[in-house]
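Reviewing the structure listed below.
Every number in this text was worked out from the coordinates using simple rules, so none of it is lab data. Nothing here was measured: the structure is a model prediction, and the numbers come from that model. Neighbour counts are summed over all protein chains in view; Cβ atoms, including those assigned to glycine, are modelled from backbone coordinates with ideal geometry.
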Amino acid sequence: MKVADANQLALMAIGVAGFGIPMQWSEGEKLEPDKDGNMSLQAALHIVARDSVLRLALPNWALFFPLPRLRTIRAAFEQLAAHIRSLILERKT
């Protein structure tokens, strides 16, 4: 098993166990957000796992530089945070 396959499997386990959503094994999934800034939860998890160290190293204002990778990182963290907030609200009610 390749490292990339192990990472994919781990992310799928986190998605199913932690968030209760089914994940698909996809090779060429689009990881960039669409024009509205939305992306799949699976793509957001992948980006957050891949770029957490970079995100922690950068100050918040640096994520607003007009670089595609920084925009993608910001969108992924926002998407994941929004999903977690919705899960919390769902459990409270």
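Odds and ends about this structure:
- Computed from backbone phi with θ = phi - 60° and the Karplus coefficients 6.51, -1.76 and 1.60, the 3J(HN,Hα) list for segment 50-57 is 6, 10, 4, 5, 4, 4, 5, 7 Hz; x is used for glycine and proline.
- Backbone HN-Hα couplings from phi across segment 69-82 [Karplus 6.51/-1.76/1.60, Hz, Gly and Pro as x]: 5, 5, 4, 5, 4, 4, 5, 5, 5, 5, 5, 5, 4, 5
- For a paramagnetic label modelled on Ala10 (point 7 Å from Cα along Cα→Cβ), amide N atoms under 18 Å away belong, within segment 53-93, to 53-56.
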